[in-house]
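Report on the following structure.
Rule-based calculations on the coordinates, nothing more; no lab input. None of these values were measured; they are calculated from a predicted model. Here the Cβ is made from the backbone with ideal geometry for all residues, glycine too, and neighbour counts use every protein chain on show.
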Amino acid sequence: MDVNKINEKDMALVEKLFPFASPEKVPFTFMYGDRRINGIPEEFAPKVEAAQEGDVKKVTITGKDSSGLEIKAEYAEYKDFPVTEWMVTITNCGEKDTPVLSDIKTVQGVLEGSEAVLMHGNGDTCNTEGYEYFYDKVDKELLLYPEGGNPCKEALPYMRLMFKEYSVNIAIGWSAQWEAKFTPSENGNGVEFYAKQQRTNMYLKPGESIRTPRITFMGYTGDESRGRNIWRRWYFKHIIPKENGKVLPPKMVLHTWGVFGGEEWCNATEENQIMAINAYLEKGLRPDIWWIDAGWYPCGGHWGDTGNWRLNEENWPNTMMPVAKKCHENGIQFLLWFEPERIRMNTDFKNNLGDWVLDAKDRDGNNLLDLGNKECCDWLIDHIDNIIKTNGVDIYRQDFNFAPLYTWIRYEEKDRLGFKENQHVQGYWRYWDALMERNPGLLMDSCASGGRRNDLETMRRSVPFHYTDVGYGNHPVKQKQHREMFEWIPYFRAHTLSWDVGEQYIDWNNAPVDRFAFHCAMAPAITAMVQYNDTDEAFEAGRTMEPVWRRAAELMLSGDYYPLTECRKSAEDYYAMQFDDPEKKQGFFQVLRNVACKDESFTVMPFADESETYEFENMETGEKFTLSGKDFAKGYTVSIPKRSGQIWFYKRG
């Protein structure tokens, strides 16, 4: 039984998701001087080209008016999922400045249905209040937008509009300041919707081009569980970057964070990194990724002083290639951290790049590299590409500890609102695309003080190996975060840290790594926080739990996701989840009893096929048992101590 298989009713919903019908009915709209333009009208002499690329039908509608203003709308429709997408580019092909273009909306129109409820989130707020969901009736205007130009801070660019008749998953692919509005339609038959770059009021000089966010719609029938899992299936097939043509496999990370003193990796050297890799291998832990984060460049021992993007030659006289070579000899990928956009005072970039550096005038002395400047972007591509090649980098990790919006605003010219932002976003994507083109197989890791820049356009190019800076060892907080990640961005990494002291959590009070720490970090990628010189007990926990995690992680990447508890960030709760692969007829469910949970037992109410028989196995204890699907569907009760967990793998048939 595959309850999440796409059916004809699902596919019929494409007709409700702003499908392409004709140029004048393209759902794009903007103000052109003092008049409103809807779609691509006849005066632009539109031309339509269509092509089938694999499972995606792509339609390009291009029109140009007599002054040379060109509009190119790009539409995608998937034949295997009820998904449509729109994105628009506007270019001044004329010889004069255009009139002011404003209120540019990629999509505006009505999604028809009754009893509308919007599920949305606050994204990564860089505190424990983030990763929250909200369910609001659309009986009044609901306006959503992020903070500071970070697309996932204070508002999540993934949302679900649920009608009585059907529902729509919506994603906004814009790596900066977007806006979406939901309003009851005037005739009461649905919801008026639009999505756009929030600030647009600009003219274009000859040759200049801007583009809109890409807006993705997925329709589905049935309950929220179907919507969640149809999204995951589409995401794994069409969005997540591939490795050797397949979905990324589970990745275990090891590193030497904090071992050699100082901040981050400021004291990392060729010698101590190779020594640590050898120690891990000798003690039975082989990582998939070796991780070197901030501090490998000259920074005076303060990793946050970014802008000298060259090796600290005192620590790395032979480049990092010997470390990369050691990794590659042992089947390990080498990851290196960068933050090229944020530039500190008295650094190479600040002192030598002139007006390519935008002064943010913030209290921390940060500056912003102007990726919207083509010369600057081209230079950065060459500069970082050289570092990648000469140091054997397999995974490029980009951080962004900065709110760029206010700097873009500082540098805006009259009647050019939003232009700086638009050019920077295009430059950011072009920079990443060029690095991947020049380095085939290069994997990109998206980070922005954690998960503040994980919009869908960024996720088409990367995975978030570091989805938050909050709560690595606070298990109830992680449970809430993982609930959202599994639903929308289902490949991410977690840490095996524990910060519990008795029945409470104290930040950075790192307890010894044990099995419970691994249980609380079940994710497709994981950092085993066992240090190379750790205790025998820590290494034993790592060796025991690694195969358990790998088996679970494989199912996280192939199976459907069923959250079995509410996830209230409470240490007094149980936490449970299930993954089920209907094709392989395999899965698992996991139950955790948090540190202050008073209930001695908990009954899991799982997803179950009542027509089948389930054979269960606990890899840690060796226990096995069999249940009919009917009995399993009635619930399974566990009784476990506080601060412990169980994973039961199953085969059904």
| query | Given charges of +1 on the Cβ of Lys and Arg and -1 on the Cβ of Asp and Glu, with all other atoms neutral, how large is the dipole of the chain about its Cα centre, in debye to the nearest 20? | reply | 720 debye
| query | So what's the gap between the Cα centers of the range 426-477 and the range 1-76, to the nearest angstrom? | reply | 29 Å
| note | Here FRET efficiency (C-beta to C-beta, residue 550 to residue 140, R₀ 51 Å, nearest 0.05) is 0.60
| remark: Per-residue Cβ contact counts at 10 Å, fewest first, order 444, 159, 345 as 345, 444, 159
| task | Loop only per DSSP, at most 10 neighbouring Cβ atoms within 10 Å: give me the trypsin sites (Lys or Arg not before Pro) in the range 171-205, ordered by residue number. | result | none
| Residue-wise, which Karplus ³J(HN,Hα) couplings in Hz belong to the range 213-219, taking 6.51 cos²θ - 1.76 cosθ + 1.60, θ = phi - 60°, and x for glycine or proline? | x, 8, 10, 10, 10, 10, x
| request: Note down the nm distance, to one decimal, between modelled labels 7 Å out along Cα→Cβ at residue 510 and at residue 278. | output: 2.3 nm
| task | Note down the relative contact order for the range 65-143 as a percent, whole number, built from C-alpha pairs under 8 angstrom at least six residues apart. | result | 20 percent
| Can you give the extra length, in nm with one decimal, that the chain gains between residue 410 and residue 35 once fully stretched, where that is 0.36 nm per residue apart less the Cα-Cα distance? | 132.2 nm
| task | Could you point to the residue in 360, 60, 133 farthest towards the positive end of the chain's charge dipole, with +1 and -1 charges on the Cβ of Lys/Arg and Asp/Glu respectively? | result | 60
| message | Going by amide H atoms built from the backbone, whose H comes under 5 Å of the H on residue 372, apart from near neighbours? | response | 424
| task | With label points built 7 Å along Cα→Cβ from the Cα atoms of residue 359 and residue 379, find their separation and express it in nm. | result | 1.8 nm
| field | Nearest-20 debye value, the range 242-298 charge dipole, Cβ charges on Lys, Arg, Asp, Glu | value | 400 debye
| query | Given the pairs 64/205; 478/569; 598/624; 9/164; 16/164; 153/196, which are separated by over 19 angstrom at their Cα positions? | reply | 598/624
| query | Calculated FRET efficiency, residue 536 and residue 352, Cβ-Cβ r, R0 45 Å, to nearest 0.05? | reply | 0.35
| request: Can you tell me the relative contact order of the range 565-653? Whole percent, Cα pairs under 8 Å, sequence separation 6 or more. | output: 34 percent
| Using alpha-carbon positions, what is the distance between the centroids of the range 544-623 and the range 524-540, in Å? | 23 Å
| query | With each pseudo-label sitting 7 Å past Cα toward Cβ, what's the residue 603-residue 117 distance in nm, one decimal? | reply | 2.4 nm
| message | Let me check against my output: what whole-number percent is the relative contact order of the range 8-238, with C-alpha pairs under 8 Å and at least 6 apart? | response | 22 percent
| task | Tell me what the chain gives for mean residue ellipticity at 222 nm when only DSSP H runs of n ≥ 4 count, each as -39,500 (n - 2.57), the sum divided by the residue total, rounded to 500 deg cm²/dmol. | result | -6500 deg cm²/dmol
| Given that just one value was derived from the coordinates, which of (1) 39.9; (2) 29.2; (3) 31.3 is mean projected area of the Cα convex hull in nm²? | (2)
| said: On a full-extension model of 0.36 nm per residue, what is the gain between residue 439 and residue 628, subtracting their alpha-carbon distance, rounded to one decimal in nm? | reply: 62.9 nm
| In sequence order, what are the phi-derived ³J(HN,Hα) couplings for the range 101-110 according to the Karplus relation 6.51 cos²θ - 1.76 cosθ + 1.60 with θ = phi - 60°, rounded to whole Hz, with x for glycine and proline? | 9, 9, 6, 7, 10, 4, 9, 9, x, 10
| Candidates per chymotrypsin sites (Phe, Trp or Tyr not before Pro) in the range 230-290, loop by DSSP, up to 16 other Cβ within 10 Å | 257, 260
